[in-house]
Amino acid sequence: MTNGWVDMKNTDMMLIMGGNPAENHPCGFKWAIEAKRTRSAKMISVDPRFTRTSAVADLFCQIRAGTDIAFLGGVIKYAIENNRIAKDYLIHFTNAAFVVEGDFKLPADTDGVFSGFDAERHSYNRASWNYSGGKPAQTASTAAGQSAAPPPLPPLPEKVDYDLTLENPNCVFQLLKKHYSRYTPEMVERITGIPKEEFQKAAELYTSIRKDGDMKKAGTIIYAVGWTQHSFGTQIIRTAAMLQLLLGNVGRAGGGVNALRGHSNIQGATDMAGLFDSLPGYLKVPTPADSSFDAWMKRTTPTTSKPAPWNSWNYYSNTPKFTVSFLKTMYGDAATKQNGWAYDYLPKVDRDYSWTHLWDNMYNGLIKGMFAFGMNGVAIGPDSKKNIDALKKAEFLVVGEIYPDETSEFWRSPGISQDEMKQIKTTVYRLPCAGFAEKDGSFTNSARWLLWKNAAVPTPGECRLDQAIVAQIFLKVRELYKKDGKFPDPILKLTWGYTDPKSPSLAEVLKELNGKALADLEDPATKAQIKAGQQLPGFAWLKDDGTTACGNWIYSGSFTEAGNQTARRDPSDPSNMGVHPGWGWSWPANRRVLYNRASCDVDGKPWDATRRQIWWNEGTEKWVGNDVPDFKADSHPKDHMGPFIMNAEGVGRIFAPLGAFADGPFPEYYEPFESPIQNPLHPERTNNPVVTGLKSADDKYGTVKDYPVVCTTFRLTEHYHYWTKNNPMNVQLVPEPFIEMGAEMANEMGIRGGEKVKVSSARGEYIAKAMVTKRIKAMMIDGKKTYQIGIPFHWGYRGIAEDEGKTERMMVNLLTPTIVDPNAHTPEFKGFLVKVEKA
Amino acid sequence: MSQATLRVQKMSGHAGSVPGDDAQREFTVCKLIDTTTCIGCKACEVACMEWNDLPFGETVFDNTYQTMPETRWNYWNLILFNEHEKEDGSLMWLMRKNQCMHCAEPGCLAACPADGAIVQYTNGIVDFQQANCIGCGYCITGCPFDIPKMNPKTNRVFKCTLCADRVSEGLEPACIKSCPTGCLHFGSKEDMKDLAEKRAKQLRDDYNFPQAGVYDPAGVGGTGVVYVLHDATRPELYGGLPSNPSIPWSVKLWKGPLKWLGNVAMVGGLIGLFVHYLRFGPKSREDEDIHPRGENP
């Protein structure tokens, strides 16, 4: 989230799309309700189903799964046409005024793709996705991890051409206006199935906060995995971010783009490099093309690109400081300036190691074994059958869990005969792990707040803490490497200075992430001093000369000399704006709302005097406020430094240049990979042009001819993932799986609630009882009546009901396709095609 | 609040004065349930089971998100889910937490013939004393909200206690404590009514609910549980919440003008009982456990 849970109470308007927080985040949802109760805030729910969130919303639109870009693009068009935009904000805080290269072309002019499309390689040469401008800077800011790289991209220009009147036909604003002019209410209706009157009501309501350009009110956009799980998920979120920039909602209390994370610590997992293409703190992984530490830094450290009279802090210019400190944490004294800070020890990512590719590689015999901790890979899918088939070919599988799960019992999943079972040679090690209440450590919530928890109970029986298991495996591997090993240095020289090496304390790990001084340090400006060995107060102290160590720069400040900041529990909130500065600790620098400089006008005065976050203090010539300023504290407003300090431009990106995204600098609407219609915008280019399917025998994709129904998967409040089917309390609340279908569809098929139905996709089938409801209606999609169904995903072949034979032993993800988003690699769990029959 | 709040002000089937009748009254307690901010998460259902040590029971899929069709003797707090299509075609998914309403004039208490089996404390909580219950089931007939349920095995009737044990110690009921959205409130009747009316006004003024209002039906003397409804003119949409609940006429007659008939019947019954005793001997009580934890339904 750019903002946070508690901050939702400050909002005037909520657009909840791609998420169902009342269902999946009921505790955090209290703040959305608080805004309704205390500010009479309005809530719009846009979802394929009328959900628990819709039940308390003020307006509901039923959308076809996966068509969110069409909806949001339509809202952008509405806002521009009706002067519901934040003009000053747009000109000064975004790249709306930047002029784009002349040879850049929009999909409307290039057969449904942006300029530079390479049809054979299903990828773009993104050179034309650039600003027009003067002398080029030294390097480009490109996304890492793009393997099989096309020719290196040109750099961003150091001095960008711009037009503050926003009238230049090639300025970002005019291109935006042109691009979304095609997203008419009629087009939105054809694609999304939302009647145009309903859509216009929603667009009118959401943009009403910026009526006549008045800046006082703020609107928030709230989403979750309903946006990420598409073959264009990143671009949906981009569209939301652009809309929020257009309306001047980013950086504002009660505004922002707010991702609700799918589990209690998913934010922590991604912060700590849960994705293959990042290192802790979202540093970009090195690739084989980075021949040295310096080459890696040159590629991943952006240089400033802006209109000449403006300023840009370009905070990522500090990338070498973050990186050297990270390598010092990893390898200690073995990381020296001479050996490029032990750069050679780091693995170089040579290909796509994302989720579906891991399984594909195992399926193809390239991956021999798997450690599965804290996740149930078979049930998670997509295409569970493929994952089961892949595990059959593995040599070993280690599962750390608190229940016997589908993954550890893949070898006896339904459909495997006794004979076949005997043929499966995979060795499965099932390690009893600790449950969440048996571990201490910090959770990082969706709001980026780190909150320390203590273990409530000891681990039962022979269960072990995860870190104890991992540590002992590591120590054993290290022993083996001492005897023998191709390249032992990265293993032998890894720092492991924990008090109990066999079970590192998580508090010690957090201290390591926070970082410490390796030599006596002094801040030249304030003369503040830190002695060697002391914990660092924050990432501003990090150095690229090897005198600091820090495991994750964004967590620097979480465990200082003052102790574990994440364990703080001071509920006070002096500003009454939900800041609670003494409650836990949030990255970065305990700042609650990111980009909060944008909460003020160009002169440094809050847009809304009743919601003062930070402001420019003329007396002290400093930025001060109720929150920690996300800005250079002494940058005078007249210097015109951009509030979006993490971008090389210093401003918010309505146009995302060069390598930022694989599939376009503006989001364009493409159909889900399996879709019921051709794309009405450009029938010859229906799907995301850079998305292709995998090629194994298990990777099958269906068409509307065989599979006419749109299907989406979802979760229930009463259950937690694939866990609580083992808990009698949850089983009592919702005893068995079901399939949600509309009354009209059910009537047509002669199905009554409680009768069993069979749902099939090109990959598999799923049988459960029908929940016939008024909450899903038939939709007219491009003139064609289309049905949509939804299936909650909490069941499998191991659980109380499953073991007692009360349900079919099946997983929803037997249905889902192995298609992923090209930027984030998230599978398309929502909006695939199925057929529905009586079972 | 102190133990004094658990003084009894009304008592079922009791001749003569009620102990505590003249006790100094503290305020009447009340739950406020704002159905317009309820998300049906069932935290209150779970909290109720956990606090009251209620056993797990079997449920079956019934084409709804609702946990079971109605409250059970060992499931006292149930959110009712109802899909309602408005005249303009838009949908409402109404969720109402259902439990004992703790009526000021409780039909169950009026109907109950057993001395002290149902009491009303001075703070307004209506509580069943299973030790005094004779299992006749008249309370079930007497309740206009269909709340009390009998454990068929022990012939004892159970329902929500408004967490009298917690309230007497100054705590809020378990359901209130667990509610994540704050759609549940607890306090004095006066304060809750005030809060409810303000919320209803907000719904009328700022949201599109011109009929929003507060449910506190006069037919039972008002209730210790009040609802904010989007449409107070049609409470029956919310899982059959009665518009004008009252104590059934049969109970009124029975406990009023026809009481003499009962006395005659009772004498007859006693004679019958005596004959029965002579014939079959005393009843064994060894398998009886009146605590709900004792068994599954």
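Could you please find all residues in segment A:787-808 being in contact with a Gly (Cβ under 9 Å, 6 or more places away or on another chain), in a loop (DSSP other than H, G, I, E, B) and closer than 16 Å to A:Val734 by Cα?
A:Phe793, A:Thr807
In the set B:Leu94, B:Leu78, B:Leu109, which member is within 19 Å of A:Leu716 (Cβ to Cβ) and in contact with a Gly (Cβ under 8 Å, 6 or more places away or on another chain)?
Just one listed residue meets the conditions, B:Leu94.
Do any residues in segment A:813-832 that are more than 8 Å from A:His230 (Cα to Cα) and hydroxyl-bearing (Ser, Thr, Tyr) have Cβ atoms under 7 Å from those of residues that are at pLDDT below 95 and surrounded by 24 or more Cβ atoms within 10 Å (Cβ to Cβ), where the two are at least six apart or on different chains, and which pairs are they?
A:Thr816/A:Gly381
How many of the residues making up segment B:177-192 are surrounded by 21 or more Cβ atoms within 10 Å (Cβ to Cβ) and within 14 Å of chain A (Cβ to nearest Cβ)?
The qualifying residues number 4.
Per-residue answers, yes or no, for (1) out of contact with any Leu (no Cβ under 9 Å at 6 or more places or on another chain); (2) at pLDDT 95 or above; (3) within 14 Å of another protein chain (Cβ to nearest Cβ); (4) surrounded by fewer than 23 Cβ atoms within 10 Å (Cβ to Cβ):
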residue	(1), (2), (3), (4)
B:Ile39	yes, yes, yes, no
B:Lys42	no, yes, yes, no
B:Leu54	yes, yes, yes, yes
B:Trp73	yes, yes, no, yes
B:Leu80	no, yes, yes, yes
B:Gln99	no, yes, no, no
B:Ile118	no, yes, no, no
B:Gln129	yes, yes, no, yes
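Taking A:Asn730 as meeting all but one of (1) assigned to a helix (DSSP H, G or I); (2) within 13 Å of chain B (Cβ to nearest Cβ); (3) more than 29 Å from the chain's Cα centre (by Cα), write down the number of the exception.
Condition (3) is where A:Asn730 drops out.
What are the pairs, 6+ residues apart or on separate chains, where a residue within segment A:646-675 that is free of Cβ contacts under 8 Å to residues at least 60 places away in the same chain has its Cβ under 9 Å from a residue that is among the aliphatic types (A, V, I, L, M) and in a helix (DSSP H, G or I)?
Matching pairs, first to second residue: none at all.
At least 2 residues that are closer than 23 Å to A:Met242 by Cβ in each: list the helices (runs of 4 or more DSSP H) lying fully within segment A:3-118 that qualify.
By residue number, A:68-81, A:87-93.
Name the residue, out of A:Gly764, A:Gly742, that is touching a helix residue (DSSP H, G or I) at 6+ places or on another chain (Cβ under 8 Å) and either more than 10 Å from chain B (Cβ to nearest Cβ) or without any contact (Cβ under 8 Å) to a residue 40 or more places away in the chain (or both).
A:Gly764
Report, ordered by the first and then the second residue, all pairs with beta carbons closer than 6 Å, sequence separation of six or more or different chains, a first member in segment A:198-222 that is more than 29 Å from A:Arg261 (Cβ to Cβ), and a second member that is of a type in the set (Ser, Thr, Tyr).
Going by the 6 Å Cβ cut-off, there are no qualifying pairs.
Pairs under 7 Å by beta carbon, first residue in contact (Cβ under 8 Å) with a residue 60 or more places away in the chain and within 11 Å of another protein chain (Cβ to nearest Cβ) in segment B:194-216, partner assigned to a loop (DSSP other than H, G, I, E, B) and hydrophobic (A, V, I, L, M, F, W, C), six or more apart or different chains?
Cβ pairs passing all conditions: B:Leu203/B:Phe209; B:Leu203/B:Ala212.
Identify, from the list B:Ile176, B:Ile140, the residue that is in the same structural domain as B:Leu32 (by TED's automatic domain parsing), in contact with a His (Cβ under 8 Å, 6 or more places away or on another chain) and aliphatic (A, V, I, L, M). Quick ask: steps written out before the conclusion?
Values: B:Ile140 fails: in contact with a His (Cβ under 8 Å, 6 or more places away or on another chain).
Answer to the check: B:Ile176.
Against the definition (more than 24 Å from A:Pro382 (Cβ to Cβ), of a type in the set (D, E, K, R), touching a residue at least 12 places away in the same chain (Cβ under 8 Å) and assigned to a loop (DSSP other than H, G, I, E, B)), how does A:Glu684 come out, yes or no?
yes
Answer yes or no: is there a residue in segment A:213-223 that is more than 28 Å from A:Asp663 (Cα to Cα), more than 23 Å from the chain's Cα centre (by Cα) and in a helix (DSSP H, G or I).
yes
Return the pair list, or none, for Cβ contacts closer than 6 Å from residues in segment A:16-34 that are facing another protein chain (nearest Cβ under 9 Å) and in contact (Cβ under 8 Å) with a residue 12 or more places away in the chain to residues that are outside any loop (DSSP other than H, G, I, E, B) and among the charged types (D, E, K, R), at least 6 apart or on different chains.
Cβ pairs passing all conditions: A:Ala22/A:Arg52; A:Glu23/A:Arg52; A:Glu34/A:Lys9.
Keeping to segment A:35-55, report how many residues are facing another protein chain (nearest Cβ under 9 Å) and not β-branched (Val, Ile, Thr). Break it down stepwise before answering.
Taking segment A:35-55 and keeping what is facing another protein chain (nearest Cβ under 9 Å), we get A:36-37, A:40, A:42, A:50-55.
So of that shortlist, the ones also not β-branched (Val, Ile, Thr) come out as A:36-37, A:40, A:42, A:50, A:52, A:54-55.
So the count comes out to 8.
Filter segment A:702-727 for residues that are in contact (Cβ under 8 Å) with a residue 40 or more places away in the chain, crowded, with 19+ Cβ neighbours inside 10 Å and in a loop (DSSP other than H, G, I, E, B); which is farthest from the other protein chains (Cβ to nearest Cβ)?
A:Gly702
So is A:Lys337 in contact (Cβ under 8 Å) with a residue 12 or more places away in the chain, more than 27 Å from A:Leu506 (Cα to Cα) and within 28 Å of the chain's Cα centre (by Cα) or not?
No: the conditions fail for A:Lys337.
Between A:Leu542, A:Leu492, which is surrounded by 18 or more Cβ atoms within 10 Å (Cβ to Cβ) and of a type in the set (A, V, I, L, M, F, W, C)?
A:Leu542
Taking the condition of being facing chain A (nearest Cβ under 8 Å) and touching a Leu at 6+ places or on another chain (Cβ under 7 Å), how many residues in segment B:56-71 meet it?
First, pick out the residues of segment B:56-71 that are facing chain A (nearest Cβ under 8 Å): B:56-65, B:67.
If we keep only those that are touching a Leu at 6+ places or on another chain (Cβ under 7 Å) as well, we get B:67.
Counting residues in segment B:56-71 that are facing chain A (nearest Cβ under 8 Å) and touching a Leu at 6+ places or on another chain (Cβ under 7 Å) gives 1.
Testing B:Cys48 on (1) crowded, with 18+ Cβ neighbours inside 10 Å; (2) away from chain A (no Cβ under 11 Å); (3) in contact with an Asp or Glu (Cβ under 8 Å, 6 or more places away or on another chain), one condition comes back false. Which one is that?
(3)
Can you find a residue in segment A:801-815 that is among the basic types (Lys, Arg) and within 14 Å of chain B (Cβ to nearest Cβ)? Even if it seems obvious, please write down each step before you answer.
If we filter segment A:801-815 for residues that are among the basic types (Lys, Arg), which is where we start, we get A:806, A:809.
Next, only the ones that are within 14 Å of chain B (Cβ to nearest Cβ) stay: A:806.
The answer is yes; a qualifying residue exists.
Touching a Cys at 6+ places or on another chain (Cβ under 8 Å) and either more than 14 Å from chain B (Cβ to nearest Cβ) or under 26 Å from B:Met92 (Cβ atoms) (or both): is that true of A:Ile789 in this structure?
yes
Give A:Lys605, A:Lys622 a once-over and let me know the one that is in contact with a strand residue (DSSP E or B) (Cβ under 9 Å, 6 or more places away or on another chain), modelled with pLDDT of 95 or more and closer than 27 Å to A:Trp553 by Cα.
Criteria check complete, one pass: A:Lys622.
Going by what's in this entry, would B:Thr154 be described as more than 26 Å from B:Ser246 (Cβ to Cβ), surrounded by 22 or more Cβ atoms within 10 Å (Cβ to Cβ), over 11 Å from the mean Cα position of the chain (by Cα) and of a type outside the set (A, V, I, L, M)?
no
State yes or no: is B:Phe81 part of a loop (DSSP other than H, G, I, E, B) and out of contact with any Cys (no Cβ under 6 Å at 6 or more places or on another chain)?
Spelling it out, it is not the case that B:Phe81 is part of a loop (DSSP other than H, G, I, E, B) and out of contact with any Cys (no Cβ under 6 Å at 6 or more places or on another chain).
The values are calculated or read from the model by the stated rules, or taken from the named source; none is laboratory data. All values reported here derive from a predicted model rather than from experimental measurement. Cβ coordinates were reconstructed from backbone atoms using ideal geometry, including for glycine residues, and neighbour counts include every protein chain displayed.
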